[in-house]
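A.B. asks: Take this structure first; my questions come after.
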Amino acid sequence: MGSRASTLLREEEIEEIKKETGFSHSQITRLYSRFTSLDKGENGTLSREDFQRIPELAINPLGDRIINAFFPEGEDQVNFRGFMRTLAHFRPIEDNEKNKDPIASEPLNSRSNKLLFAFRLYDLDRDDKISRDELLQVLRMMVGVNISDEQLGSIADRTIQEADQNGDNSISFNEFIKVGNVYILYIDIDIDI
Amino acid sequence: MQGQKGQVNAMLLLGVYFTLYIQSFSYIPHSTGFSIIFNVLYLKISDYATNSVIYLCCSSLLFPGLIQREGGSMEQEMGELRRYRTQSISRGEFALSDSFYFYRKGLESIVDDQVTQRFSSEELVSWNLLTRTNHNFHYISLRLTVIWGLGVIIRYCVLFPLRITLAIIGISWLVIGTTLVGFLPNRRVKNWLSELVHLMCYRICARGLSATIQYHNKNNKPQKGGICVANHTSPIDIVILANDGCYAMVGQSHSGLMGVIQRSMVRSCPHVWFERSEMRDRHAVTSRLRAHVAAKRNLPILIFPEGTCINNTSVMMFKKGSFEIGGTIYPVAIKYDPRFGDAFWNSAKYNMVSYLLRMMTSWAIVVNVWYLPPMTRQEGEDATKFANRVKSAIAHQGGLLDMAWDGSLKRDKVKEEFKEHQQKMYSSMVVGKKARNSQEPHTESSKS
């Protein structure tokens, strides 16, 4: 009943997750409670339906994309490690991390990794380019039926025009960063835990 | 313990001599001298014990929410995201960063959302020596475990048998008493007697749960021919409210023990029990309730418009059906004190019997009941608006969060309309300003 939460998560696992993601001990246990409360089937993994059960996520226009980001290629279940790895992208960047040893591998929640995550939410086929179609897809999800195809098409064209620098009519990650770079301070998809 | 044993005896005596001493029971002493003192002492001791546990072991402070959310609206936050655009605004209002707003909201809701937490028990700031409220179990000290062990013994071996006895007495008296009263022909005496019987039984049952109830603003108590509306946390709500007045219950007719109770209750005074098939026909339900309310001498009906049990931290959407009946609405706010026992019925996890067992092995059930001034539907106000008005009043009085989410989200999926609403809002941001721009190009510079 009440004592499931910590007893199922061993100390070694918590340490590993801590190293990998940078979350603190209490954050990990809290998120584990959250994970188990979402896991209605009680089999240690979450499926897409488990996510869909959250009303606020179900009404989010980009809800399906966000849910997909948790599941690795072709899989239908995500375990706690995978859950934490995805959430780790959005941990706020702490001051003491900014001056870390540059030789160490980049933490999951660095600015460029955050942007890469956001880029991948557009770029579904993982070809490192946001094509016009992919952009249109996301746009269509966000506006629903309220804007016509032509208008949406012209918005997409304009956006690509602004961002595209090498003339291939799509947005690469570097171009995405540049367009995103201007307001990089404000796109921290951070979650304060 | 002396007081409670003496109380059981007193109740038995009352039951036996009821028919002979009718007059003297117009004021039923549900609290004899012993039991008042006992209750006060018991609560004071439990209170002290809980506080000393806090002092002893400083358990982990559990935050009420997992995330600190920014409270801005969609427009505000998108505005923040776009504030430092270099391109001019006239070139279309879409930015790649717009999607970040939705991503962030989505991820925040994955980590902690406002709705699903309402369907499980509230987490306490500090432990109250009940295993069931212990979410982050870790062994703290031997002393605490010993105290906890003592608590278990007291609760299961001492309090529980007493409570079960009282509950059984209460329910059997309800069935017998109402059946007996049902045989009487005379109207006035019958009503008076049935109220008496009902009150007595509910008071015995409340003692069976060690419920301590404080009623506020008794002058606003629901009158005959009215509709009483309250927030719903558990089936015990009925016992809590019926301790202070008589209500006509509304609900589905069951079979088995519940059915026996329901049928005998109907014999002494009119309640409204629906068959399962009737419940689906909203029109039939409303007309039956309307007929009941229209007969001004009928007891006020008791309705829980949330439709399901919520965990007593918030009030969720009120179904508008009850507010279309007409008549005066008497709102009531019920707030349980979670330190002594968790009254929330998580019907997905526990069935009725195990729920009642848990109730009877808690420390106590401490409730505050506020009667709010009566409300009626105003001119030009539709049922939904009226329902929301009543809901806010109840939430405000009880110190609960007022939520617009539907309680049926416990079981059902959320409606597509809400997503479409979000999409519409966003579209108007993308398109609306553009339309304005094309109409008034000369005021472009002032648009940032």
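The values are calculated or read from the model by the stated rules, or taken from the named source; none is laboratory data. None of these values were measured; they are calculated from a predicted model. Note that each Cβ is placed from the backbone with ideal geometry, even for glycine, and that neighbours are counted across all protein chains shown.
A.B. asks: Since B:L299 meets every condition but one in (1) within 30 Å of B:L401 (Cβ to Cβ); (2) touching a residue at least 40 places away in the same chain (Cβ under 8 Å), which condition does it not meet?
C.D. replies: So the condition that B:L299 fails would be (1).
A.B. asks: Tell me which of these A:S3 doesn't satisfy, since it passes every other one: (1) at pLDDT below 85; (2) surrounded by 16 or more Cβ atoms within 10 Å (Cβ to Cβ); (3) not β-branched (V, I, T).
C.D. replies: (2)
A.B. asks: Please determine, by comparing only the residues of segment B:336-369 that are touching a strand residue (DSSP E or B) at 6+ places or on another chain (Cβ under 7 Å) and surrounded by fewer than 21 Cβ atoms within 10 Å (Cβ to Cβ), which one is nearest to B:N217 (Cα to Cα).
C.D. replies: B:N368
A.B. asks: So in segment B:118-150, with the set limited to residues that are closer than 17 Å to B:I310 by Cα and facing another protein chain (nearest Cβ under 8 Å), which one is modelled with the lowest pLDDT? Working first, answer last.
C.D. replies: Filtering segment B:118-150 down to residues closer than 17 Å to B:I310 by Cα leaves B:118-124, B:133.
Narrowing further to those that are facing another protein chain (nearest Cβ under 8 Å): B:120, B:133.
Working: B:S120: 77, B:T133: 59.
Here the residue is B:T133.
A.B. asks: Within segment B:414-432, can you find the residues that are at the interface with chain A (Cβ under 7 Å from one of its Cβ atoms) and over 19 Å from A:T159 (Cβ atoms)?
C.D. replies: Step one: of segment B:414-432, the residues at the interface with chain A (Cβ under 7 Å from one of its Cβ atoms) are B:414, B:418-420, B:422-424, B:426-427, B:430-431.
Correct list: B:V414, B:F418, B:K419, B:E420, B:Q422, B:K424.
A.B. asks: So in segment B:327-371, with the set limited to residues that are part of a loop (DSSP other than H, G, I, E, B) and either of a type in the set (D, E, K, R) or touching a His at 6+ places or on another chain (Cβ under 7 Å) (or both), which one is farthest from B:G398 (Cα to Cα)? Don't jump to the end; show me each part of the working.
C.D. replies: Step one: list which residues in segment B:327-371 are part of a loop (DSSP other than H, G, I, E, B), which gives B:327-328, B:337-351, B:361-364.
The next check asks that each one be either of a type in the set (D, E, K, R) or touching a His at 6+ places or on another chain (Cβ under 7 Å) (or both); those that pass are B:337, B:339, B:342, B:349.
On the way: B:D337: 11, B:R339: 16, B:D342: 17, B:K349: 26 Å.
Here the answer is B:K349.
A.B. asks: A follow-up question, please. Filter the helices (runs of 4 or more DSSP H) completely within segment B:161-276 down to those with at least 1 residues that are in contact with a Ser or Thr (Cβ under 8 Å, 6 or more places away or on another chain) and modelled with pLDDT of 85 or more. Explain how you work it out, then say what you get.
C.D. replies: Values: elements: B:187-208, B:236-242, B:256-268.
In segment B:161-276, B:187-208 are the helices (runs of 4 or more DSSP H) which contain 1 or more residues that are in contact with a Ser or Thr (Cβ under 8 Å, 6 or more places away or on another chain) and modelled with pLDDT of 85 or more.
A.B. asks: Can you name every one of the helices (runs of 4 or more DSSP H) wholly within segment A:127-182 that holds 2 or more residues which are modelled with pLDDT under 85? Explain how you work it out, then say what you get.
C.D. replies: Details: elements: A:132-143, A:149-163, A:173-181.
The qualifying helices (runs of 4 or more DSSP H) are A:149-163, A:173-181.
A.B. asks: Limited to segment A:49-91, what total is found for residues that are among the acidic types (D, E) and either within 11 Å of chain B (Cβ to nearest Cβ) or not in a loop (DSSP other than H, G, I, E, B) (or both)? Walk me through it before giving the result.
C.D. replies: Pass one, segment A:49-91, residues among the acidic types (D, E): A:49-50, A:56, A:64, A:73, A:75-76.
Among the residues that remain, those that are also either within 11 Å of chain B (Cβ to nearest Cβ) or not in a loop (DSSP other than H, G, I, E, B) (or both) are: A:49-50, A:56, A:64.
Residues flagged as among the acidic types (D, E) and either within 11 Å of chain B (Cβ to nearest Cβ) or not in a loop (DSSP other than H, G, I, E, B) (or both) within segment A:49-91 amount to 4.
A.B. asks: Shifting gears a bit: So is A:I17 away from every other protein chain (no Cβ under 13 Å) and either touching a Gly at 6+ places or on another chain (Cβ under 8 Å) or not acidic (D, E) (or both) or not? Give the steps one after another, and end with the answer.
C.D. replies: Numbers: away from every other protein chain (no Cβ under 13 Å): yes; either touching a Gly at 6+ places or on another chain (Cβ under 8 Å) or not acidic (D, E) (or both): yes.
For A:I17, the condition - away from every other protein chain (no Cβ under 13 Å) and either touching a Gly at 6+ places or on another chain (Cβ under 8 Å) or not acidic (D, E) (or both) - is met.
A.B. asks: Would you check which residues across segment B:106-122 are of a type in the set (S, T, Y) and in a loop (DSSP other than H, G, I, E, B) and list them? Outline the logic, then answer.
C.D. replies: Initially, segment B:106-122 is screened for residues of a type in the set (S, T, Y), giving B:109, B:116, B:120-121.
Listed by number, the residues that qualify are B:S120, B:S121.
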